[in-house]
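Trainee: Sharing a structure below in structure tokens format, with a few things to ask.
The values are calculated or read from the model by the stated rules, or taken from the named source; none is laboratory data. Worth saying up front: this structure is predicted, and the values here are computed from it rather than measured. Cβ sites come from the backbone with ideal geometry, for glycine too, and all protein chains shown count toward neighbours. For accessibility, only protein heavy atoms count, side chains too; no ligands or nucleic acids. Shrake-Rupley method; radii C 1.70, N 1.55, O 1.52, S 1.80 Å.
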Amino acid sequence: MVTNISGSFGWQQVIWTLPPGHTTLEWEYAKNDNISSGADAGWLDDVIYNRTPFSLNAPGVCNGSNFVFTLNGTIGQILVLQSSTNLFQWVPLVTNTMTSSTFNFTNSATNFPDKFYRGMDITP
């Protein structure tokens, strides 16, 4: 995605949706030696980057003992699913690069009185 601005312009808001994964943003100002008017400068202000949210949905029990749920995200997101029995020590269960918008998870280790789950987005 390349956008060029040439000439004298007032402030304008521009919004881009970036794809998941690594993205390089670059701004460059090039002086036109043939013209000398105005501020001969470019300004960039208020760059905001928002990560795409993800969610854990549809928890339930399958086959009488397996705990299951769905992890919803965006294709390309790298999500780590963790579990804990005490909310202090967290153990990674799986690291998943989303290849679709859903990832179904089944945990057969249900021999604990309490077990908690959380997800972390580690997409660079």
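Trainee: Any idea which of Asp40, Asp45, Asp33 is at positive phi and either polar (S, T, N, Q) or more than 14 Å from the chain's Cα centre (by Cα) (or both)?
Mentor: Working: Asp45 fails: at positive phi; Asp33 fails: at positive phi.
The unique qualifying residue is Asp40.
Trainee: Could you pull out the residue among Thr85, Thr74 that is within 12 Å of the chain's Cα centre (by Cα) and either surrounded by 10 or more Cβ atoms within 10 Å (Cβ to Cβ) or among the hydrophobic types (A, V, I, L, M, F, W, C) (or both)? Talk me through it step by step, then tell me what you get.
Mentor: Working: Thr85 fails: within 12 Å of the chain's Cα centre (by Cα).
Going through Thr85, Thr74 in turn, just one is within 12 Å of the chain's Cα centre (by Cα) and either surrounded by 10 or more Cβ atoms within 10 Å (Cβ to Cβ) or among the hydrophobic types (A, V, I, L, M, F, W, C) (or both): Thr74.
Trainee: A further question on this structure: How many residues does the stretch 18-30 hold that are open to solvent by less than 100 Å² (accessible area, probe 1.4 Å) and either at negative phi or touching a Cys at 6+ places or on another chain (Cβ under 8 Å) (or both)? Break it down into steps so the answer makes sense when it comes.
Mentor: Initially, the stretch 18-30 is screened for residues open to solvent by less than 100 Å² (accessible area, probe 1.4 Å), giving 18-21, 23, 25, 30.
Checking which are either at negative phi or touching a Cys at 6+ places or on another chain (Cβ under 8 Å) (or both) leaves us with 18-20, 23, 25, 30.
Number of matching residues: 6.
Trainee: Any chance the stretch 109-124 includes a residue that's closer than 30 Å to Thr3 by Cβ, of a type in the set (D, E, K, R) and either in contact (Cβ under 8 Å) with a residue 60 or more places away in the chain or open to solvent by less than 70 Å² (accessible area, probe 1.4 Å) (or both)?
Mentor: Initial filter on the stretch 109-124 (closer than 30 Å to Thr3 by Cβ): 121-124.
Those left that are additionally of a type in the set (D, E, K, R): 121.
Now restrict to residues that are either in contact (Cβ under 8 Å) with a residue 60 or more places away in the chain or open to solvent by less than 70 Å² (accessible area, probe 1.4 Å) (or both): 121.
Checked the stretch 109-124: at least one residue is closer than 30 Å to Thr3 by Cβ, of a type in the set (D, E, K, R) and either in contact (Cβ under 8 Å) with a residue 60 or more places away in the chain or open to solvent by less than 70 Å² (accessible area, probe 1.4 Å) (or both).
Trainee: Let me ask something additional. Can you name the number of the only condition in (1) modelled with pLDDT of 80 or more; (2) hydrophobic (A, V, I, L, M, F, W, C); (3) over 21 Å from Ser101 (Cα atoms) that Ala41 fails?
Mentor: Failing condition for Ala41: (1).
Trainee: Looking at Thr123, Thr52, Thr23 in this structure, which one is part of a loop (DSSP other than H, G, I, E, B) and out of contact with any strand residue (DSSP E or B) (no Cβ under 9 Å at 6 or more places or on another chain)?
Mentor: On the way: Thr123 fails: out of contact with any strand residue (DSSP E or B) (no Cβ under 9 Å at 6 or more places or on another chain); Thr52 fails: out of contact with any strand residue (DSSP E or B) (no Cβ under 9 Å at 6 or more places or on another chain).
Only one candidate passes the filter, namely Thr23.
Trainee: Let me ask you something else. Pick from the stretch 51-66 the residues that are modelled with pLDDT under 80 and under 17 Å from Met98 (Cβ atoms): which of them is least open to solvent (accessible area, probe 1.4 Å)? Give the derivation first.
Mentor: First, the residues of the stretch 51-66 that are modelled with pLDDT under 80: 51-52, 63-65.
Those still in the list that are under 17 Å from Met98 (Cβ atoms) too: 51-52.
Numbers: Arg51: 114, Thr52: 66 Å².
Restricting to residues being modelled with pLDDT under 80 and under 17 Å from Met98 (Cβ atoms), the top hit is Thr52.
Trainee: Ok, one more. Leu79 - would you say it is open to solvent by 60 Å² or more (accessible area, probe 1.4 Å) and not acidic (Asp, Glu)? Please lay out each step first, then the result.
Mentor: Values: open to solvent by 60 Å² or more (accessible area, probe 1.4 Å): no; not acidic (Asp, Glu): yes.
Spelling it out, it is not the case that Leu79 is open to solvent by 60 Å² or more (accessible area, probe 1.4 Å) and not acidic (Asp, Glu).
Trainee: On the given criteria, is Val47 more than 25 Å from Pro124 (Cβ to Cβ) and either open to solvent by less than 90 Å² (accessible area, probe 1.4 Å) or of a type outside the set (Phe, Trp, Tyr) (or both)?
Mentor: On the way: more than 25 Å from Pro124 (Cβ to Cβ): no; either open to solvent by less than 90 Å² (accessible area, probe 1.4 Å) or of a type outside the set (Phe, Trp, Tyr) (or both): yes.
The answer is no for Val47.
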